[in-house]
Each structure stands twice: as structure tokens, then as C-alpha cells.
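Structure record follows, encoded as C-alpha cells.
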Amino acid sequence: RSERHMEHGKITLEVNDGIGLLTLNDPGSLNAWGVKMRSDFTAAIDQVENAGSDLRCVVITGAGRAFSSGANLNDPDAPPRDRAAESRGEVLSSLEAWYNPMFLRLRELDTPLIAAVNGVAAGVGMSFALSCDLVVMAKSAYFLQAFARIGLVPDGGSTYILPRLIGAKRALELSLLADKLPAETAREWGLVNRVVEDGDLMPETMKLAERLGHGPRSLGMIRRMYWQSLENDYPTQMALEATMQTEAGMSSDHAEGIAAFREKRATKFTGS
């Protein structure tokens, strides 16, 4: 069963048999993040949260030749700005009012996220890709910590997540030099799970999504646990494991997993 949940100007969300495909849909700007993109993305995440166990995995990708070029510096939907307002108030407010809360919201989702990086993922666009649990990248795609090119600093949690994923020296290299990071190098560094031929990106990504989409309710707990592990100390994380294991053990999916094991048959998880 295929159902298009939402189609706004700059985001589309399609759901097919419990798998969501969320597309950043402003190819003319290389899917840059502006006012309309942000509001439509919020609406899409509302849909994801409200779907509950009906939506078991979400793939995020970009329309056209880019995943996302970062913040929209020529946003037609934004009000006119003078340099003084832009340099402090508006940048600060967009980060504190939308970007930061959204990244925190994404990490608390019960739905596993996969990024299908089809082209450039620059600036905060790279941050969105790395906020997903799995990253599949087309061979011609690349990452770019573009901030220093325009006299800015990394945001979208980049200075937190990058050193934890690839170490401080590589994170500094990416951010200070602002050079392109090719897909194969990103995979070698551990930023990407799979690099595939450009034409294979969506088929290969959807194969992973289907595997997750048929998985148990505990997958959502697993993703949240690993995101929390980035800041928890060892005793706190073990306490979280105990709490989550207790919750998982009471789920219908755990009962199904045990029954399928005993009966030597395939599992039929329902996400509950």
C-alpha cells in the first residue's frame, strides 16, 4: 500500500508499506535550507511522530543533483534583512529557535533514519545527513564543511558529532580547510556506511530501509540509546541499557521473537 502523506512545495513525504521517503524538494536552490524548507520539514517530522508504529523507517534524500547545499543565503521566503540584523539576531534566532531544537528532536525519534546522500551535502546539509542512523552515499557525492568559506563557524551540532565520529584532527581538517570530502574517503573515515554507484543509490538504500521496516520495536530504542551514549558516562549508559531492556522485554515484538525462535520460523514483527 502506497500513500503520499504530504506534498508541500519544498518537502515531500511518501509512505509505502511502513517505509517513509522524505525528500528535500527544492532542487533549484540545491535543497538549501530556508524558511519554507524548515517549516515544511517540521510538518513532515510531525507526520513521522504521529504515525507511530505505522511508520517503521524513514529515508531522507534530496531532489535533483544535491542532497542539500546548506543554509539558503538567498532565501526568497525570508524577509528583507540588513547586515546588522543578519549578523547577530537572525542567525542566532534561527539556530536557537529551529535548527538546534530540530536536531535534538531528530535524535529522540523512535523511527530509524537513513540518509541517501545523492549529491553535495554541505554545511548544515551535512549535519542533517549525519543526524541519520545510517548513511548511504552515491559515489559522486561529497561532504563539505563549507562554513569557513564564508567566514562562519560550523553549526548543526557539527563540532560535537564530527570529533566523536572521526577524531579531532580530521574534524578540524574538514572545518578549517573547508575542502570537499569525497564519498569513498567519508566511508574510510567512518562517516558513511555504504558507498554505491549513483544509479544504485535509492534501490540499495530502500533495501536497508525494508530490513529496518520489518524489524522490532526495539530498533527505535537502539537508535536513541546510541545517540545518548555520545554524552553519557559508562554507569549512566549501563543504567539506560537496563531501563530500555526492561521496556523491550515487555514488548509484543520480543514475545514474537521468542516464539519464532522456538518454532524455528521467520519473525513477524509489528513494531509494538
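In table form, for the structure just shown:
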quantity	calculated
Rg(Cα) / (2.2 N^0.38 Å) computed for the range 113-243, rounded to two decimals	1.12
At most 12 other Cβ within 10 Å, DSSP loop - trypsin sites (Lys or Arg not before Pro), the range 202-272	264, 265, 268
For the chain: accessible area per residue (Å², 1.4 Å)	52 Å²
Dipole magnitude of the chain, debye to nearest 20 (Cβ charges: Lys/Arg +1, Asp/Glu -1, about Cα centre)	420 debye
Rg/Rh (Cα only; Kirkwood hydrodynamic radius) as it applies to the chain	0.98
Computed helical MRE - 222 nm, the chain, DSSP H runs ≥ 4 contributing -39500 (n - 2.57), nearest 500	-12500 deg cm²/dmol
With at most 16 other Cβ atoms within 10 Å, longest stretch of the chain clear of loop GluC sites (Glu not before Pro) (DSSP)	1-107
Sequence-distant residues sharing a close amide H with residue 117 (under 5 Å, placed H)	136, 137, 138
Mean separation of Cα contacts under 8 Å, 6 or more apart, over the residue count of the chain: relative contact order %	16 percent
Three-way shape call for the range 189-249 based on the alpha-carbon gyration tensor, with the a/c threshold at 1.5	oblate
Lysines whose Cα lies under 23 Å from that of residue 139, excluding same-chain neighbours fewer than 8 positions away	180, 207
Most mobile of 253, 233, 17 in a GNM of the chain (Cα contacts under 10 Å)	233
Length-normalised contact order for the range 7-56 - Cα pairs under 8 Å, 6+ apart - percent	38 percent
Percent carbon-and-sulfur accessible area, the chain, ignoring ligands, DNA and RNA, probe 1.4 Å	53 percent
For the chain, with +1 on Lys and Arg beta carbons and -1 on Asp and Glu, the positive-most of 144, 76, 55 along the dipole	144
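The values are calculated or read from the model by the stated rules, or taken from the named source; none is laboratory data. Please read all numbers here as calculations on a predicted model, not as lab measurements. Note that we place each Cβ from the backbone using ideal geometry, even for glycine, and neighbour counts take in every protein chain shown. The area values use the complete protein model at the heavy-atom level, side chains included, leaving out ligands, DNA and RNA. Shrake-Rupley method; radii C 1.70, N 1.55, O 1.52, S 1.80 Å.
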